[in-house]
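Below you'll find the structure, written out as structure tokens, and then a few comments.
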Amino acid sequence: MATLELEGIGGKPVAGTYEPDLASCMIAHTLTPYSTVVNTGLFINNAFVPAAGGSTLQIENPTTGKFLATVSAAQRSDVDAAVAAAKAAFEGPWGTLPPEKRGQLLNKLADLIERDADDLASLEALDAGILFGESKGLHIPQAAATLRYFAGWADKITGQLLRIPQGHAYTTRDPLGVCGAIVPWNAPLMITCWKLAPAIAAGNTLVIKTPEAAPLYGQKLALLVREAGFPPGAINVLCGLGAVAGQALAEHMQVRKISFTGSPGVGRRILRAAADTNFKKVTLELGGKGPSIVFADADLENALFWTTLGITANNGQVCAAGSRIYVEAHIYDSFLFAFAERIANYSVGNPLQPSTTKGPVINAAQKEKILAYIDKAKASSIRPLSVGEPIVREGHFVPNSAFADVPEDAAIMREEIFGPLASIARFTTESEAIAKANSTEYGLSAAIFTNNVSRAGRVSSQIQAGQVTINCWGVLHANTPFGGVKQSGFGRDMGEEALDSWLSTKTVKYNTLPSRM
Ligand code: NAD
């Protein structure tokens, strides 16, 4: 089976600096050239195998826009094979494994991910264009923390004891069986672990469909799964096209749950596929159009720091991006001036280089989509606050941009762009800010900046979103649930609540009355 050798740049982390804010999540690193080897096959039953008919897909490096690697592309029959392997594991060795052993395996996987963080961060930089420092400083620690958090849950899954007229009943919370995880490209390892960790802690087996634009992390993860000692079939990793491999997984009669993160359009298809087949459980983490509300009583420096990060982190390719910024009238002009200055300050380059603060977006289509939104806003005479010059170099680079006084009905205020483009508008009253924040069909996340604790509580209670951050943006923790309301989807990743979605409750009733003839 083919292997692929890729060159990366190893880093030396600055110890203990990734809490408490996202800025220091960026691990400073030194340039240490090295290469890493991944297998390019499908990972089924702990073995790398070619796809049916030798199907492959070619991936590109968004930094150059050029060919990077060829990997196997799963076909429907490969999905069948992976599901069969996962079913055999569930009904065999995996199903009888003591729960604490599942926890140990998850902890071991976390150890290996931390050990090979340089490889994983380099792979995410190479095919997804994610800054090495951001991947290593934020995504990889988050992935490992999530594995450890759910490792702790594996032997603490309990039920209830209930009284009934006939005697008593108890409930058990049982695994669902074979489950599927379908993952996007923007933080692929971290999002995979948000699904893998609770699925495995709960006792399920898993087939992971990695994103076709950025699958290399998954090829490496598969090696680590095997090294950690997971039995064959417990975790299977397939790269493949969404419309082929993803669709086949969503339609599969033996798959009992799909956990999906991605776009609303594909989310709809998955829900439809579940309804048309076996009513498998579905959780959907879809996009967002996150509002950030900056009140005049906020610490302005702090608000500027987080709102800037909220639209520039990962080039705005973040579902929770703070892409709508509402600023109270008293401080509107001073905020605009400082915000424009900050977002114009970046260093474009290769995401593997320590000095780079802006890498490429994922592909040409994403670049064109972002530039089209900028052109449309300009054509509609929306006030350009800071519209960066086109970045003329090979690869898929876009400048940071912001527009001011953006009307509520403008496309850049309503639609998810998934790029570094902020839409800013003013408000004068608290109720106006809340109404504007709630005015889209999305409801993933929101940020509020104020030093008034009563206001923070009052406003957050009225915001329609799965999570609200006060005086910060985007902070993630394995023990806090993450997900959306409205068209941002349903179900949660992380936190105790996520575990529930990978379990099914069974009630057992005892008749302890004297027996009747
Ligand atoms: P996408 O929906 O195009 O693809 C996501 C995954 O679904 C990929 O693995 C893809 O191969 C697969 N897929 C595509 N068509 C499919 C089909 N017919 N059946 C089954 N699977 C299919 O999204 P993307 O372009 O990879 O990511 C960007 C989108 O994801 C944005 O809309 C963003 O907001 C969203 N997103 C949401 C979150 C969240 O937590 N809410 C996180 C990251 C990204």
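The values are calculated or read from the model by the stated rules, or taken from the named source; none is laboratory data. No experiment lies behind these values; they were computed from the predicted model shown. So basically every Cβ, Gly included, is an ideal-geometry build from the backbone, and we count neighbours across all protein chains shown.
So the values come out like this:
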| read-out | value |
| --- | --- |
| Some residue of segment 210-230 being within 12 Å of the ligand (Cβ to nearest atom) and closer than 22 Å to residue 499 by Cα | yes |
| Subset of segment 172-190 (residues that are surrounded by 15 or more Cβ atoms within 10 Å (Cβ to Cβ) and farther than 23 Å from residue 267 by Cβ) | 173, 174, 175 |
| Residue count for segment 234-266, restricted to those that are buried (at least 24 other Cβ atoms within 10 Å of the Cβ) and without any contact (Cβ under 8 Å) to a residue 12 or more places away in the chain | 0 |
| Any chance residue 95 is part of a loop (DSSP other than H, G, I, E, B), of a type in the set (Gly, Ala, Ser) and in the same structural domain as residue 229 (by TED's automatic domain parsing) | yes |
| Number of the condition not met by residue 516 [criteria: (1) basic (Lys, Arg); (2) at pLDDT below 95; (3) crowded, with 17+ Cβ neighbours inside 10 Å] | (3) |
| Near pairs, Cβ below 9 angstrom, 6+ apart or cross-chain, from segment 403-426 (over 14 Å from residue 386 (Cβ atoms)) to any residue that is aromatic (Phe, Trp, Tyr) and assigned to a strand (DSSP E or B) | 410/403; 413/403; 425/326; 426/326 |
| Selection status of residue 370, within 16 Å of the ligand (Cβ to nearest atom), touching a helix residue (DSSP H, G or I) at 6+ places or on another chain (Cβ under 9 Å), within 19 Å of residue 184 (Cα to Cα) and in a helix (DSSP H, G or I) | yes |
| Leading residue by the ranking (farthest from the chain's Cα centre (by Cα)) among those in segment 477-496 that are closer than 20 Å to residue 265 by Cα and assigned to a helix (DSSP H, G or I) | 486 |
| Residues of segment 267-297 satisfying the condition of being more than 9 Å from the ligand (Cβ to nearest atom), of a type outside the set (S, T, N, Q) and surrounded by fewer than 23 Cβ atoms within 10 Å (Cβ to Cβ) | 268, 271, 272, 274, 275, 276, 279, 281, 282, 295, 296, 297 |
| Residue within segment 191-201 that is over 30 Å from residue 398 (Cα atoms), more than 17 Å from the chain's Cα centre (by Cα) and surrounded by 24 or more Cβ atoms within 10 Å (Cβ to Cβ) present | yes |
| Some residue of segment 389-398 being within 16 Å of the ligand (Cβ to nearest atom) and part of a loop (DSSP other than H, G, I, E, B) | yes |
| Single unsatisfied condition, residue 325 versus (1) near the ligand (Cβ under 10 Å from one of its atoms); (2) in a strand (DSSP E or B) | (1) |
| Selected residue (criterion: surrounded by the most Cβ atoms within 10 Å (Cβ to Cβ)) from residues of segment 113-164 that are of a type outside the set (Ser, Thr, Tyr) and in contact with an Asp or Glu (Cβ under 6 Å, 6 or more places away or on another chain) | 130 |
| Yes/no for residue 377 being touching a strand residue (DSSP E or B) at 6+ places or on another chain (Cβ under 9 Å) and over 26 Å from residue 63 (Cα atoms) | yes |
| Residues satisfying the stated conditions in segment 455-482, i.e. buried (at least 21 other Cβ atoms within 10 Å of the Cβ), on the phi < 0 side of the Ramachandran plot and not aliphatic (A, V, I, L, M) | 466, 467, 469, 473, 482 |
| Segment 203-233, subset more than 20 Å from residue 3 (Cβ to Cβ) and in contact with a Cys (Cβ under 9 Å, 6 or more places away or on another chain), residue surrounded by the most Cβ atoms within 10 Å (Cβ to Cβ) | 209 |
| Residues within segment 130-176 that are among the small types (Gly, Ala, Ser) and assigned to a strand (DSSP E or B), tallied | 2 |
| Residue 302 out of contact with any helix residue (DSSP H, G or I) (no Cβ under 9 Å at 6 or more places or on another chain), in contact (Cβ under 8 Å) with a residue 60 or more places away in the chain and within 29 Å of residue 427 (Cα to Cα) | yes |
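Residues checked against (1) surrounded by 15 or more Cβ atoms within 10 Å (Cβ to Cβ); (2) at pLDDT 75 or above; (3) polar (S, T, N, Q):
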site: 10; (1), (2), (3): yes, no, no
site: 42; (1), (2), (3): yes, yes, no
site: 48; (1), (2), (3): yes, yes, no
site: 55; (1), (2), (3): yes, yes, yes
site: 77; (1), (2), (3): no, yes, yes
